[in-house]
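K.L.:
Once you've had a glance at the structure underneath, I'll fire off some questions.
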Amino acid sequence: MHAFLKRNRYYLGAILLLLVAYYFSLPQIIFHESYSTVLEDRTGKLLGATIATDGQWRFPEGEVVPDKFKTALIVFEDKRFYSHPGVDVLSLGRATQQNLSAGKIISGGSTITMQVIRLSRNNSRTFFEKLIEMILATRLEWRYSKEEILSLYAAHAPFGGNVVGLEAACWRYFGRDAAELSWSEAALLAVLPNNPSLIHPGKNRDALKSKRDRLLKRLLVVGKMDSLTYELALTEPIPDHPIALPRLAPHLLSRLLKEGYSGKRVVASIDRTMQERVTQLVSYHHERLKGNRVFNAAALVVEVKTGRAVAYVGNTNAGATRGEAVDIITARRSTGSILKPLLYAAMLDEGKILPATLQPDVPTLINGFAPRNFSKEYDGAVAANQALIRSLNIPAVHQLRDYRYEKFYDLLQHTGLTTLNQPADHYGLSLILGGAEGTLWEITGLYASMARTLNNFFQSPGSNRYNKSDFHSPLYKLSDSTRYVGIESSSWLSAAAIYLTFNALQEVYRPGEETGWRMFHSSKRIAWKTGTSHGLRDAWAVGVNGEYAVGVWVGNADGEGRPGLTGTESASPLMFDIFGQLPGNSWFLTPQHELHEVEVCSRSGMRATELCEAREKQLVTRSGLQSGVCRYDQRIHLSADKHYRVHADCESVTQMITEARFVLPPVQEYYYKTKNLSYKTLPPLRSDCANPAAVASMDMIYPQRDARIFIPRQLDGQQGSALFEATHRQPGAIIYWHLDGAFMASTRGTHRVAVAPTAGKHKLTLVDEAGNIVEQMFSVISEN
């Protein structure tokens, strides 16, 4: 054995040295604790934080230690901190002498660097452990600068209870950022880690104050403060108990945890002041809404230029019993009518419509799909821009059928909607009426993207002015940016189409779904749109100007519908109040390069012909130059007294009077003339000019003219119904049924409708697609 040791003494020595070096080596990562998730606004102000997974309030390490705390700490703990190599021999000697004199350990003589090592190892305090701390402290000094060592200490020192680190202590005890500490507060926090289990706010207050005051005296003696500052510092009270941390963006903080930022410090793009204002507005409107048992609301403000979120209020903060914990901003909800502006812009872009082209607004049945307007009324025909601001459903469905829902589905995906998780055929034409789901996050981002595309159009001269990456979802981290894809000659929507759409949407006089027309007062030009989902479950309002996009959702997180829960009545007032708090009032420049002036017929909104009586100039997209000419202004021939229509087979050409008349298709005319009293219907054909072979195209089977019918009650006592039936010569014809002037239903093929009229006289009216009308009176006999 001796010979073996002698022969291998060099190898064994090397191994021993390696073991010693390993034992006394400094780990690459010194601390392995879990951290709180910290959310800060764009200027570094705290918005909120979560407790670490080990139950401690421990913020991630910061980069800068405030000067007052740094000064107080060095004076109290390690006055030669900037001159020693990690171990202060003089301090150790003094501590040894004090301990021997007292007969017990009353001073450790540890430097701040040694304390960092002790905090990282968290081992029992023995002489051997002290020796290890001294060795590792010198290694720490080699690896880190003095400022970095102070940062490590400030982030991991215990401050009593479950509070660890300077930042957490500042918020828990004083409710403010570490940079705002007073001398009194800095001194108190400097002495706390010395014995945090014995002295912390809430107990031993006299001892804590005495210790703080002694440090303040030392700071005065060494010239770190003047006498007046010292006297004022002595008067500051000791905090009574820990303070709750700010909860200014709780739903965004929860989102961070879900998206993998647990234990991280995230600097958000949120502006704390604006966040507080929007939160207050949401709370104010919530008080108004909850009287109708509407308990949830959310609001999002996005900068147009950067796409960054400025305010993120995910829900009301009234409690946790009504779904307040749900982040509505990222929740999928029925979109209602909120996507109609995108379709309008797409139709303009392709020249399928001009801004005010007449759109059909009549009872409609398309492959079993029968859309209705919210008001359940029909205008017959309505200008496209008016249909948009009035949010009429039937014109939008006709537009989508013309544009094709498959194309619109692709456009939505390209412009930022990721919630379409079914194929296009699954949604069909209902895609424009809330048949799909969207999030407030992406929909507000879509409006902001349209505004950004329009603004950036003016940033690049020449033919290539578009950047498709302008269309993207909002960003909430200050460090986030979008991927630049290069300038192109086109984008998903043209600047001209977006501009015309925003121009239409800036009308502040809007129809309230239940309260009639409303005037919304705003000193700012805002393009805005509302939406209401089926069943009154979701109320949307999204607005945009040259600087900001604001999205608002109001409803119940559990999906319960409520009477009056509409975009116009419930969501838009909050949206306008938020815009009132935003700075600036810029509107969009006119993209003259892409707009062209044409003459249109004032009544049809289509390109004018020589038959149009009233004309006006209008700006259109480049594709709009190839749109169809007006087909409603027609040349008609009248008898000399203008009471009848005639033609060459029944009247001499010299006796005819030829006029240009605005003529709508028969079904559109039937509804249009009731809303437009100035509309002139065509005179009838003179009797000798009618086609003698013409016969009635439809007729009533039941009830017969002037019939008196009795409708018995059902077994449960409810009012019964009668089955009315009609016939039509064209097998595929659609008949529109009206009772006493109110639309009931439309039928195709088999024309039967169940009707439950009240007792008394009634008028039944049938209208087919060709405008043929059958009217019939009948009476319902009372049971008495």
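K.L.:
Which of the residues that make up the stretch 398-427 are touching a residue at least 24 places away in the same chain (Cβ under 8 Å), more than 14 Å from Asp349 (Cβ to Cβ) and within 25 Å of the chain's Cα centre (by Cα)?
P.N.:
The answer is Leu400, Tyr405, Leu412, Gly416, Leu417, Thr418, Thr419.
K.L.:
Is it fair to say Ser449 is crowded, with 24+ Cβ neighbours inside 10 Å, in contact (Cβ under 8 Å) with a residue 12 or more places away in the chain, of a type in the set (S, T, N, Q) and at negative phi? Let's see the steps before the verdict.
P.N.:
On the way: crowded, with 24+ Cβ neighbours inside 10 Å: yes; in contact (Cβ under 8 Å) with a residue 12 or more places away in the chain: yes; of a type in the set (S, T, N, Q): yes; at negative phi: yes.
It is true that Ser449 is crowded, with 24+ Cβ neighbours inside 10 Å, in contact (Cβ under 8 Å) with a residue 12 or more places away in the chain, of a type in the set (S, T, N, Q) and at negative phi.
K.L.:
Does Gly336 meet the test of being over 27 Å from Asp558 (Cα atoms) and in contact (Cβ under 8 Å) with a residue 12 or more places away in the chain?
P.N.:
Working: over 27 Å from Asp558 (Cα atoms): no; in contact (Cβ under 8 Å) with a residue 12 or more places away in the chain: yes.
Judged against the criteria, Gly336 is not a match.
K.L.:
Is it the case that the stretch 367-384 has a residue that's within 25 Å of Ser604 (Cα to Cα), assigned to a helix (DSSP H, G or I) and at pLDDT 95 or above?
P.N.:
yes
K.L.:
Starting from residues that are of a type outside the set (A, V, I, L, M, F, W, C) and buried (at least 18 other Cβ atoms within 10 Å of the Cβ), keep the ones in the stretch 747-758 and report whichever is farthest from Ala770 (Cα to Cα). Break it down into steps so the answer makes sense when it comes.
P.N.:
Going through the stretch 747-758, the residues of a type outside the set (A, V, I, L, M, F, W, C) turn out to be 747-752, 757-758.
Still in the running and buried (at least 18 other Cβ atoms within 10 Å of the Cβ): 747, 751, 757.
Values: Thr747: 15, His751: 16, Pro757: 27 Å.
Among residues in the stretch 747-758 that are of a type outside the set (A, V, I, L, M, F, W, C) and buried (at least 18 other Cβ atoms within 10 Å of the Cβ), the one farthest from Ala770 (Cα to Cα) is Pro757.
Here is a yes/no grid of residues against (1) within 21 Å of the chain's Cα centre (by Cα); (2) in a loop (DSSP other than H, G, I, E, B); (3) surrounded by 24 or more Cβ atoms within 10 Å (Cβ to Cβ):
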{"site": "Ile329", "(1), (2), (3)": "yes, no, yes"}
{"site": "Gly336", "(1), (2), (3)": "yes, yes, yes"}
{"site": "Leu342", "(1), (2), (3)": "yes, no, yes"}
{"site": "Leu348", "(1), (2), (3)": "no, no, yes"}
{"site": "Ile353", "(1), (2), (3)": "no, yes, yes"}
{"site": "Ala356", "(1), (2), (3)": "no, yes, no"}
{"site": "Pro363", "(1), (2), (3)": "no, yes, no"}
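K.L.:
Quick check: anything in the stretch 431-443 of a type outside the set (A, V, I, L, M) and open to solvent by 60 Å² or more (accessible area, probe 1.4 Å)?
P.N.:
yes
K.L.:
Select from the stretch 679-706 the residues that are modelled with pLDDT of 85 or more and open to solvent by 90 Å² or more (accessible area, probe 1.4 Å) and list them in ascending order.
P.N.:
The one that is modelled with pLDDT of 85 or more and open to solvent by 90 Å² or more (accessible area, probe 1.4 Å): Lys680.
Listed here are the residues, each with its yes/no results for (1) in contact with a Ser or Thr (Cβ under 6 Å, 6 or more places away or on another chain); (2) buried (at least 18 other Cβ atoms within 10 Å of the Cβ).
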residue: Arg708; (1), (2): yes, no
residue: Ala726; (1), (2): no, yes
residue: Gly732; (1), (2): no, no
residue: Ile735; (1), (2): yes, yes
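K.L.:
Further question on the same structure: Filtering the stretch 254-288 down to residues that are basic (Lys, Arg) and closer than 17 Å to Val550 by Cα, which residue is least open to solvent (accessible area, probe 1.4 Å)?
P.N.:
We begin by selecting, within the stretch 254-288, every residue basic (Lys, Arg); these are 255, 258, 264-265, 272, 277, 288.
Add one more test, that the residue is closer than 17 Å to Val550 by Cα, and what stays is 272, 277.
On the way: Arg272: 52, Arg277: 96 Å².
Of everything passing the filter in the stretch 254-288, Arg272 is least open to solvent (accessible area, probe 1.4 Å).
K.L.:
Exactly one condition in (1) touching a Ser or Thr at 6+ places or on another chain (Cβ under 7 Å); (2) at pLDDT 95 or above; (3) aromatic (Phe, Trp, Tyr) is false for Tyr484; which is it?
P.N.:
Exception for Tyr484: condition (2).
K.L.:
Can you tell me which residue among Lys224, Lys258 is within 30 Å of Thr330 (Cβ to Cβ), among the basic types (Lys, Arg) and either at pLDDT below 95 or out of contact with any helix residue (DSSP H, G or I) (no Cβ under 6 Å at 6 or more places or on another chain) (or both)? Don't jump to the end; show me each part of the working.
P.N.:
Values: Lys224 fails: within 30 Å of Thr330 (Cβ to Cβ).
So the residue among Lys224, Lys258 that is within 30 Å of Thr330 (Cβ to Cβ), among the basic types (Lys, Arg) and either at pLDDT below 95 or out of contact with any helix residue (DSSP H, G or I) (no Cβ under 6 Å at 6 or more places or on another chain) (or both) is Lys258.
K.L.:
Please give the number of the condition Ser25 fails out of (1) in contact with a Lys or Arg (Cβ under 8 Å, 6 or more places away or on another chain); (2) modelled with pLDDT of 90 or more; (3) not in a helix (DSSP H, G or I).
P.N.:
It is condition (2) that Ser25 fails.
K.L.:
Within the stretch 280-291, does at least one residue satisfy the condition of being charged (D, E, K, R) and in a loop (DSSP other than H, G, I, E, B)?
P.N.:
Within the stretch 280-291, the first condition is being charged (D, E, K, R), and the residues that meet it are 287-288, 290.
Among the residues that remain, those that are also in a loop (DSSP other than H, G, I, E, B) are: none.
Scanning the stretch 280-291, I find no residue that is charged (D, E, K, R) and in a loop (DSSP other than H, G, I, E, B), so the answer is no.
K.L.:
Could you please find all residues in the stretch 221-279 being on the phi < 0 side of the Ramachandran plot and among the small types (Gly, Ala, Ser)? Give the derivation first.
P.N.:
Keep residues of the stretch 221-279 that are on the phi < 0 side of the Ramachandran plot, which gives 221-222, 224-259, 261-262, 264-279.
Once the filter is applied, which keeps residues that are on the phi < 0 side of the Ramachandran plot and among the small types (Gly, Ala, Ser), the stretch 221-279 yields Ser227, Ala233, Ala244, Ala249, Ser254, Ser262, Ala268, Ser269.
K.L.:
Filter the stretch 136-168 for residues that are without any contact (Cβ under 8 Å) to a residue 24 or more places away in the chain, part of a helix (DSSP H, G or I) and crowded, with 16+ Cβ neighbours inside 10 Å and give the result. Walk me through it before giving the result.
P.N.:
Residues of the stretch 136-168 without any contact (Cβ under 8 Å) to a residue 24 or more places away in the chain: 142, 144-145, 148.
Checking which are part of a helix (DSSP H, G or I) leaves us with 142, 148.
Residues satisfying the conditions do not exist here.
K.L.:
Determine whether Asp641 is of a type in the set (Asp, Glu), farther than 30 Å from Ile498 by Cβ, free of Cβ contacts under 8 Å to residues at least 12 places away in the same chain and open to solvent by 40 Å² or more (accessible area, probe 1.4 Å).
P.N.:
Values: of a type in the set (Asp, Glu): yes; farther than 30 Å from Ile498 by Cβ: yes; free of Cβ contacts under 8 Å to residues at least 12 places away in the same chain: yes; open to solvent by 40 Å² or more (accessible area, probe 1.4 Å): yes.
Answer is yes for this residue.
K.L.:
Here is a check on your reading of the model: is Glu180 farther than 17 Å from Ser36 by Cα, open to solvent by 40 Å² or more (accessible area, probe 1.4 Å), within 45 Å of the chain's Cα centre (by Cα) and of a type in the set (D, E, K, R)?
P.N.:
Answer is yes for this residue.
K.L.:
Can you tell me which residues in the stretch 447-476 are of a type in the set (Lys, Arg), within 19 Å of the chain's Cα centre (by Cα) and not in a helix (DSSP H, G or I)? Even if it seems obvious, please write down each step before you answer.
P.N.:
Start the filter on the stretch 447-476 by keeping residues that are of a type in the set (Lys, Arg), which leaves 452, 465, 468.
Right, trim to within 19 Å of the chain's Cα centre (by Cα) and you get 452.
Passing the criteria: none in range.
K.L.:
It is to be established whether one or more residues within the stretch 455-463 are without any contact (Cβ under 8 Å) to a residue 60 or more places away in the chain and open to solvent by less than 10 Å² (accessible area, probe 1.4 Å).
P.N.:
Just the residues of the stretch 455-463 that are without any contact (Cβ under 8 Å) to a residue 60 or more places away in the chain, to begin with: 456, 459-463.
Pick out the ones that are also open to solvent by less than 10 Å² (accessible area, probe 1.4 Å) and you get none.
No, the stretch 455-463 contains no residue that is without any contact (Cβ under 8 Å) to a residue 60 or more places away in the chain and open to solvent by less than 10 Å² (accessible area, probe 1.4 Å).
K.L.:
Residue by residue through the stretch 581-621, note down the ones that are modelled with pLDDT of 90 or more, in a helix (DSSP H, G or I) and either open to solvent by less than 50 Å² (accessible area, probe 1.4 Å) or not polar (S, T, N, Q) (or both).
P.N.:
If the condition is that a residue be modelled with pLDDT of 90 or more, in a helix (DSSP H, G or I) and either open to solvent by less than 50 Å² (accessible area, probe 1.4 Å) or not polar (S, T, N, Q) (or both), then Glu594 is the only one that fits.
K.L.:
Given the conditions (1) free of Cβ contacts under 8 Å to residues at least 40 places away in the same chain; (2) surrounded by 14 or more Cβ atoms within 10 Å (Cβ to Cβ); (3) of a type outside the set (Gly, Ala, Ser), and given that Glu669 satisfies all but one, which numbered condition is not satisfied?
P.N.:
(1)
K.L.:
Next question, about the same structure. Are any residues in the stretch 289-327 surrounded by 20 or more Cβ atoms within 10 Å (Cβ to Cβ) and hydroxyl-bearing (Ser, Thr, Tyr), and if so, which ones?
P.N.:
Tyr312, Thr316 - these are the residues of the stretch 289-327 that are surrounded by 20 or more Cβ atoms within 10 Å (Cβ to Cβ) and hydroxyl-bearing (Ser, Thr, Tyr).
K.L.:
Okay, next question. In the list His414, His426, which residue meets the criterion of being surrounded by fewer than 15 Cβ atoms within 10 Å (Cβ to Cβ), closer than 30 Å to Val301 by Cβ and not polar (S, T, N, Q)? I'd like the intermediate steps shown before the answer.
P.N.:
On the way: His426 fails: closer than 30 Å to Val301 by Cβ.
After ruling out the rest, the residue left standing is His414.
K.L.:
Filter the stretch 228-253 for residues that are buried (at least 19 other Cβ atoms within 10 Å of the Cβ) and either under 19 Å from the mean Cα position of the chain (by Cα) or not in a loop (DSSP other than H, G, I, E, B) (or both) and give the result.
P.N.:
Ala233, Leu248, Ala249, Pro250, His251, Leu252, Leu253
The values are calculated or read from the model by the stated rules, or taken from the named source; none is laboratory data. Note that this is a predicted model, so its numbers are computed, not measured. Cβ coordinates were reconstructed from backbone atoms using ideal geometry, including for glycine residues, and neighbour counts include every protein chain displayed. Calculation scope for accessible area: heavy atoms of the full protein, side chains included, ligands and nucleic acids excluded. Shrake-Rupley method; radii C 1.70, N 1.55, O 1.52, S 1.80 Å.
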